[in-house]
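Contents: one structure, followed by commentary.
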Amino acid sequence: MVVMHDRVREQVRERATERMRVVPERVRVPVYVYAGDPISQAGVASQLRPRPEVAVLDQSELDRAEVAVVVTEAVDDAILRVLRAIQRGRAPRTVLIAGTLDETGVVAAAEAGVSALVRRAEATPERLTSVILKVRDGEAEMPADLLARLLGQVGKLQRQILAPRGLRFSGLSDREIEVLRLVADGLDTGEIARRLSFSERTIKSVLHDVTTRLQLKNRAHAVAYAVREGLI
C-alpha cells in the first residue's frame, strides 16, 4: 500500500512538471504565414506549428495575428504590395523571409513596414522562432553583412563627398543617432540601456519619439532612414 501511494505521488509530480513545461496558449505569439506559392506557405507553417512559443493561425484568423511571416524569393514590386497591404488596419509586425536580399531590397522592405529580414537559407525553426519573439517585443532584425555593407557605402559617401564640402545630414539628435547605431549593431533595448547608462524606458521613449516625429513605421524603418540619410 505504501509503495502504491508513493507511485501515485510520483505520477502527480510528473504530471505537474509536464504542465509547467507546456507554454500556455495565451502566451503564444499568434502568427500568420503568407507565401506566394502554397508549398512555401505550408513548409514554413509546418516548421512553426510544433514550436510551443508560437500559434500558427489560419487565413480566417488574420486579424488576431501579432506577427505576419511573409515568404518570397526576392523583394520585388509584388511582394512590396503585399507588405504594404499587411500594414493597413491592425498592422501586425512583419518578418520577411527572402531567398535573395540586397541593399536595395533591405531598404525597400523596411520602408514597407518590415521589422525583420531573414535569408531563406537561414530560416531554421529555431532561428525563425527567435526572430518572431524579438519582433513581438518591438525589436528589429537584419542580416549583419547587409547592414555592414549599407553602413560602409554611407560612410564612403560621407567621407568622400559630403565632409570635404562641410556638409552633414541632420534631423536626429546625437543621442537618437547613437541609439539607432546600437540598434543597427543588433543590440536589444536592455543592452542599449546598459551601454548608454539609461533606463530601458528612456531608450524606448527615444525610439518612439524618432519613429513618431519622422513618421516611420518601426525600428527597422528608423535604421533604414538613418542609413539612407547618412546619419549612421
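Backbone amide hydrogens, once placed in the peptide plane, bring ALA55 within less than 5 Å of VAL29, VAL31, excluding anything fewer than 5 places away on its chain.
Amide H contacts of THR94 (H built 1.01 Å from N, in plane; Pro and chain starts excluded): ALA68, SER115, ALA116 sit under 5 Å, all sequence-distant by 5 or more or on other chains.
Per-residue 3J(HN,Hα) values for region 179-189, derived from phi via the Karplus relation 6.51 cos²θ - 1.76 cosθ + 1.60 with θ = phi - 60°, read 4, 5, 5, 6, 4, 5, 6, x, 7, 8, 4 Hz in sequence order (x marks Gly and Pro). The eigenvalues of the Cα gyration tensor, multiplied by 5 and square-rooted, give region 168-228 an equivalent ellipsoid with semi-axes of 18, 12, 11 Å from largest to smallest. Derived value for region 25-141: Kirkwood hydrodynamic radius 13.9 Å. Basis is the mean of 1/r over every pair of different alpha-carbon atoms. Other residues lying with their Cβ under 11 Å from the Cβ of GLN47 contribute a combined charge of +2, Lys and Arg counting +1, Asp and Glu -1.
Protection proxy ranking of 132-145, 55-68, by the mean of other Cβ atoms within 10 Å over each peptide's residues and highest first, is 132-145, 55-68. Note: relative contact order over region 168-228, using C-alpha pairs below 8 Å and six or more positions apart, is 34 percent. Exposure proxy ranking for HIS208, HIS221, based on other Cβ atoms within 10 angstrom of each Cβ and starting from the fewest, stands as HIS208, HIS221.
Bear in mind that the values in this text are calculations on the coordinates, not laboratory data. What you are looking at is a predicted structure, and each value in this text was computed from that prediction instead of being measured. Because the Cβ atoms are built from the backbone with ideal geometry, glycine has one as well, and the counts that use them run over all protein chains shown.
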